[in-house]
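Heads up: the structure comes next, in structure tokens.
The values are calculated or read from the model by the stated rules, or taken from the named source; none is laboratory data. All values reported here derive from a predicted model rather than from experimental measurement. With ideal geometry, Cβ positions are generated from the backbone for all residues, glycine too; neighbour counts draw on all protein chains shown. Heads up: the accessible areas ignore ligands, DNA and RNA and are worked out on the full protein's heavy atoms, side chains in. Shrake-Rupley method; radii C 1.70, N 1.55, O 1.52, S 1.80 Å.
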Amino acid sequence: IFLFQEIQRLQNVISKVRFILTQLQLAIKGEVVMTAELQETLDSMFDAKVPHFWENTLTGDEFSWRLPTLGLWFSSLLNRDDQYRTWLNNGRPNSFWLTGFFNPNGCLTAMKQEVTRKHKAEKWALDDVVYHTEVMPFERAEQVKNPPTEGIYIHGLFLDGAAFSRQEGHLIESQPKTLFVSLPILFVTGNA
């Protein structure tokens, strides 16, 4: 159900972008009127910025993800598409790119539900299950060869103003002038 909802949202983004770009092509040819929305899209693309209407609905609600440049936004679109296609075609990934989901909490909640179902004989209740997280020895998702037997591996998270010391096994001060540090792969599961 979670994957289905994520794909639906991505399809909505792709459909909206495709429609706006098609209308923009027609407007440039002079076949339709160049509306303010289309002009704003063209100006944003010229400035390598993400057009407002690709990120927001007409009422201003967030429609897609927010990134500072059009190149980063499009790369994120391709990475999200790749994660969903791989999941559909090859089964669950060994590690999930958590920040690549529209609803990352939905992924974590689905994992808690699976863990609770696995412990049905022990009468675990979903409301009593709490998250348990461990830092793994993997730096990149490609290094994870198999998924965990219970829970999930996640990647794509960053620390702001701190770093993780493998030797000490805890957070430490970040290096001077280093704003963001990538976290290693995390193992997330539930405990009752």
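Of the labelled figures (1) 219; (2) 162; (3) 147, only one reflects volume of the Cα convex hull per residue in Å³ as derived from the coordinates, namely (2).
Across region 81-161, the relative contact order, built from alpha-carbon pairs under 8 Å that are at least six residues apart, equals 47 percent.
Centroid-to-centroid, using Cα positions, region 129-159 and region 39-100 are 23 Å apart. Structure note, pairs K49/K177; K123/K145; K145/K177; K16/K112; K49/K112: Cα-Cα distances above 28 angstrom occur for K123/K145; K145/K177; K16/K112; K49/K112.
Working from Cα pairs under 8 Å separated by at least six residues, relative contact order for region 37-192 is 21 percent. Modelled this way, with points 7 Å down the Cα-to-C-beta line, the labels at I1 and N79 are 2.9 nm from one another. With a sphere of radius 15 Å drawn around the Cβ of L157, what net charge do the other residues whose Cβ falls strictly inside it have (Lys, Arg +1; Asp, Glu -1)? Around L157, the charge tally is -2. With the full set of protein chains in place, find how many percent of the accessible area of region 1-85 is carbon and sulfur; take the probe as 1.4 Å. The C+S portion of the solvent-accessible surface of region 1-85 is 60 percent. Computed from Cα positions, the angle between helix 36-46 and the longest principal axis of the chain comes to roughly 70 degrees. Looking at region 1-48, none of the chymotrypsin sites (Phe, Trp or Tyr not before Pro) sits in a DSSP loop with at most 12 other Cβ atoms within 10 Å of its own Cβ. For the chain, the longest principal axis of the C-alpha atoms and the axis of helix 104-118 are separated by about 30°. Each Cα pair under 8 Å and six or more residues apart adds its sequence gap; the mean of these over the residue count of region 1-76 is a relative contact order of 20 percent.
Annotation for region 52-127: trypsin sites (Lys or Arg not before Pro) lying in DSSP loop with at most 14 further Cβ atoms inside 10 Å of their Cβ are R66, K123.
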